[in-house]
Every structure is written in C-alpha cells, then in structure tokens.
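Q: Can you keep this structure in mind? I'll have questions shortly.
The values are calculated or read from the model by the stated rules, or taken from the named source; none is laboratory data. Please read these numbers as outputs of a predicted model, since none were measured by experiment. Every residue, glycine as well, gets a Cβ built from its backbone with ideal geometry; the counts of neighbours run over all protein chains shown. Note: accessible area is taken over every heavy atom of the protein model, side chains too, but ligands, DNA and RNA are not part of it. Shrake-Rupley method; radii C 1.70, N 1.55, O 1.52, S 1.80 Å.
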Amino acid sequence: MPSTTLQWLSLVGIIWLQAIIGTNTNFPAYSSQLKQLLSISQVQLNNLAFASDAGKLFGWFSGLASIYLPLWLVLFIGSTLGLVGYGVQYLFITNQICSLSYWHVFLLTFLAGNSICWINTVCYVVTIRNFFSDREVAVGMTTSYQGLSAKIYANIVDAVSPHKKARTFLFLNSLLPVIVGLIAAPLVREIDEEVTSPKHTRVGFGVMFVITISTGIYAVLSSLQFVTSKVSSLGTLVGILVTLLLPLLVPLSVKIKELQENTEKVRIYHFTMEENTTSEERVENEVKEGEVQEEVGIIEEVGVKLMLRRINFWLYFFVYFFGATVGLVYLNNLGQIAESRGCSNISSLVSLSSSFGFFGRLMPSLMYYFYR
C-alpha cells in the first residue's frame, strides 16, 4: 500500500486510540457508586481521583521507553498497565478478590493513570514523525478525541448496564484500550517517507476537521436531555461509533485518487526517437525554470538539563499546573456536585462536559490550521 494512504491510516488509528484512552475522564460518572462499594469517605474518594492524575507524573518513563523499545511494545505495555490497574479493581468490587486494602486500590488507580501516558506517547511519536510539517495540526486534532472518551464510555454503559455503572466502567476501562490497541497497532506505525504534497495534506486535514467538528456537534446534541429522552441509548451509541469510522473516508479517498493516477500512467504513447528526445529536452527545461527551493526545517535536540534552563518549559509547567489541574479537580468531583444539586442523570452531564471538552481541545489546532 502506498505511503500516503498509510500515513492517513496511521492518523485514523491514532484517533481511535485517543478516543478510548481517556479512562480517567469517566471517573465522575461512577464515583458515587464506587464510594458506596468501597465504603470510603469523600476525602478518600478525592484521593483516588488524585492518584489517577498523579500517575501521569511518571509519564516520562514512557518517553524513555519509546527511544529504546519498538512502538508496538510501548503500546502493549500501556494497555497492560491499564488492564492490571482497572482489572484488579473490577475483580475486587465484584468480590472475586477480597484482600485489597484502600492503599492497594490507591496504587492500582495510580498505575491505571500512568498507563494513559504510554499509549499517549505512541500517539504523539507516530503523529509527529508521519506528519512532520503539519505536526502541530495533527497532534492537536488527534488529542482532541481524548476529550471524547468519557462520552463514549458513558454511552456504552448506558446501553449495556446502566444500573451497575461502577463495575461496568471499570470493566470497560480495563479491556477497551487493549482491544482498540490490538486493532490500531498495525496502523499506528512510522511511515518510511512522506510523499504527500503540502496541497493534498492541507485538503486532507480540511476534510478531517469537517469530520471532527461534525463529530463534536453530534456529541453535544446527543448529550442534551431533550434528545436523550427521545433517542434510545443504543441509538446514541451507534451514532457515536459511526462518527469514529468517518475519518476512514480520507485514506479511502487518497487510495482511490492514487489508483486513478496509476491508471493514467499506464497509457502507451508511440514516439519517434527524435520526438522523444525533443520532449525530454522540453521537460528538462521546464523543470529547470520551475525549480523552487524548499525550506528545510531544523529541530534542535533539547536535553533534560537544557530544558530545565528554558523559560518556555517553566511557563508551560506552571500554566498547566495552575490551569489544567483546577479543571481536573472540578471534573473529578462532577458526580458528587451533581448529586448534591439533585441531578439524577449524571451520565448525561458527564457526556455533555466531555463533548464540550472535545471542542475546547480542538480549537487551538483549528486556529493554527487557518492562521499559521
């Protein structure tokens, strides 16, 4: 298969991975039931939410692993960590394991939070290498799908087991990343060379943005109460799964275009030796006249010591520390806040916040695409 088609297929695989690895974002949808099943206080529940986020503090392990290990192995390690972290918790609350203390659950949640970093690292590395000249747009667009994870998980739970949310969420959190990882592993790999022209790449991302924005609009509308009251949970789930398949239209259209171009090249022309020579000279002259000097981008390799001396690193660190973490505290306690306000349909609220979070993540890459 041509490299261009494989490039876009790798982007589709990354979108699927990003859409399913945000397992920590669905925590508020089942936190109340988990609190009852574990018989813990609100403070202890908050500590579990913190453990999931704190697991990302050791995400640099996955960065080191991506340097020395094959990317498929890094992806497998991340899926396995999530399987253990969430899977053992599932076995515990279903009374199949009876000897876990609260601190065991805390460490398992920490491990599950760290698993996201391993899969995320693979997504970033493949996206940057396969779409180097458009890496900002590609990374931003694919990362936005991670904000859709809570919506997807909530829809699955509502359709499958709405009354046993804690058990079902933990079961899905442990297995879905493994299943999607196995499906996406053949697609998510580095392509040897990038053959897509800048014009075609821009058109491809334009189509991707149309699909992505349409997905976000559907996610928001299908989370509103007046829509959920009229459409079944299964219908909503089928709709969101169809939107995740729509990005396949881009590599499919690229493949069709390449087949058409190959067909045109097969045409046979009869030239005399003199006409052939004249034609070659004319083409050579046109190429010389139309030569365009391409700019070569140079990336500076920044080590840890140099990175810590850069003001940009500390600006990013403190903005993320004091900005994003405040939002995470609110979202992690969204279930408890909703219950205190008398809201009975927490899944819809979590789905709605997830859908708007998806748009919030998408906006920077969309602006960069138009104004770079």
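Q: Could you please let me know if TRP103 is farther than 22 Å from ARG361 by Cβ and among the aromatic types (Phe, Trp, Tyr)?
A: yes
Q: Taking the stated definitions as given, is VAL207 under 13 Å from LEU11 (Cβ atoms), part of a helix (DSSP H, G or I) and of a type in the set (A, V, I, L, M)?
A: Spelling it out, VAL207 is indeed under 13 Å from LEU11 (Cβ atoms), part of a helix (DSSP H, G or I) and of a type in the set (A, V, I, L, M).
Q: If you check SER66, SER62, which single one turns out to be farther than 28 Å from THR94 by Cβ and open to solvent by less than 10 Å² (accessible area, probe 1.4 Å)? So that I can check it myself, show each step before the final result.
A: On the way: SER66 fails: open to solvent by less than 10 Å² (accessible area, probe 1.4 Å).
After applying the criteria, what remains is SER62.
Q: Could you grab the pairs with beta carbons closer than 7 Å, sequence gap of 6+ or different chains, first residue in the range 130-158 and without any contact (Cβ under 8 Å) to a residue 60 or more places away in the chain, second one part of a helix (DSSP H, G or I) and among the hydrophobic types (A, V, I, L, M, F, W, C)?
A: ARG135/ILE128
Q: Let me ask another. Give me the pairs: first residue in the range 85-101 and of a type in the set (Asp, Glu), second residue surrounded by 10 or more Cβ atoms within 10 Å (Cβ to Cβ), beta-carbon distance under 7 Å, and six or more apart or on different chains, which are they?
A: That search, which allows pairs on different chains as well, returns nothing.
Q: Among the residues of the range 334-344, is there at least one that is open to solvent by less than 40 Å² (accessible area, probe 1.4 Å), in contact with a Gly (Cβ under 8 Å, 6 or more places away or on another chain) and either modelled with pLDDT under 80 or not small (Gly, Ala, Ser) (or both)?
A: No, because not a single residue in the range 334-344 is open to solvent by less than 40 Å² (accessible area, probe 1.4 Å), in contact with a Gly (Cβ under 8 Å, 6 or more places away or on another chain) and either modelled with pLDDT under 80 or not small (Gly, Ala, Ser) (or both).
Q: How about the range 15-59: which of its residues are closer than 12 Å to GLN336 by Cβ and touching an Asp or Glu at 6+ places or on another chain (Cβ under 8 Å)?
A: Residue satisfying the conditions is SER32 alone.
Q: With respect to TYR316, determine if the residue is modelled with pLDDT of 70 or more, open to solvent by 100 Å² or more (accessible area, probe 1.4 Å) and either touching a helix residue (DSSP H, G or I) at 6+ places or on another chain (Cβ under 9 Å) or not in a helix (DSSP H, G or I) (or both).
A: On the way: modelled with pLDDT of 70 or more: yes; open to solvent by 100 Å² or more (accessible area, probe 1.4 Å): yes; either touching a helix residue (DSSP H, G or I) at 6+ places or on another chain (Cβ under 9 Å) or not in a helix (DSSP H, G or I) (or both): no.
For TYR316, the condition - modelled with pLDDT of 70 or more, open to solvent by 100 Å² or more (accessible area, probe 1.4 Å) and either touching a helix residue (DSSP H, G or I) at 6+ places or on another chain (Cβ under 9 Å) or not in a helix (DSSP H, G or I) (or both) - is not met.
Q: If THR80 satisfies every condition in (1) within 26 Å of ASN333 (Cα to Cα); (2) modelled with pLDDT of 95 or more but one, which is the exception?
A: The single condition THR80 does not satisfy is (1).
Q: Right, here's the next one. Inside the range 1-59, counting only helices (runs of 4 or more DSSP H) that do not spill past its ends, which hold 3 or more residues that are closer than 25 Å to LEU248 by Cβ?
A: Qualifying helices (runs of 4 or more DSSP H): 3-21.
Q: Got a sec? Which of GLU275, GLU264 is modelled with pLDDT under 80, part of a helix (DSSP H, G or I) and surrounded by 11 or more Cβ atoms within 10 Å (Cβ to Cβ)?
A: Result of the check over GLU275, GLU264: GLU275.
For (1) part of a helix (DSSP H, G or I); (2) open to solvent by less than 40 Å² (accessible area, probe 1.4 Å), each residue gets a yes or a no:
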| site | (1), (2) |
| --- | --- |
| CYS98 | no, no |
| TRP103 | yes, no |
| LEU111 | yes, no |
| SER115 | yes, yes |
| ILE119 | yes, yes |
| VAL122 | yes, yes |
| ILE128 | yes, no |
| ARG135 | yes, no |
| GLN146 | yes, yes |
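Q: Additional query: Against the condition assigned to a helix (DSSP H, G or I), within 24 Å of ASN332 (Cα to Cα) and of a type in the set (A, V, I, L, M), how does LEU107 come out, does it pass?
A: Taking the combined requirement at face value, the residue satisfies it.
Q: Can you spot a residue in the range 137-152 that is within 16 Å of VAL178 (Cβ to Cβ) and modelled with pLDDT of 90 or more? Show your work before the answer.
A: Taking the range 137-152 as the starting set, the residues that turn out to be within 16 Å of VAL178 (Cβ to Cβ) are 149, 152.
Now narrow it down to the ones that are modelled with pLDDT of 90 or more: 149, 152.
So far as the range 137-152 goes, yes, one or more of its residues are within 16 Å of VAL178 (Cβ to Cβ) and modelled with pLDDT of 90 or more.
Q: With the structure loaded, tell me whether ASN173 is in contact (Cβ under 8 Å) with a residue 40 or more places away in the chain, assigned to a helix (DSSP H, G or I), touching a helix residue (DSSP H, G or I) at 6+ places or on another chain (Cβ under 9 Å) and farther than 27 Å from MET363 by Cβ or whether it fails that test.
A: Against the criterion (in contact (Cβ under 8 Å) with a residue 40 or more places away in the chain, assigned to a helix (DSSP H, G or I), touching a helix residue (DSSP H, G or I) at 6+ places or on another chain (Cβ under 9 Å) and farther than 27 Å from MET363 by Cβ), ASN173 qualifies.
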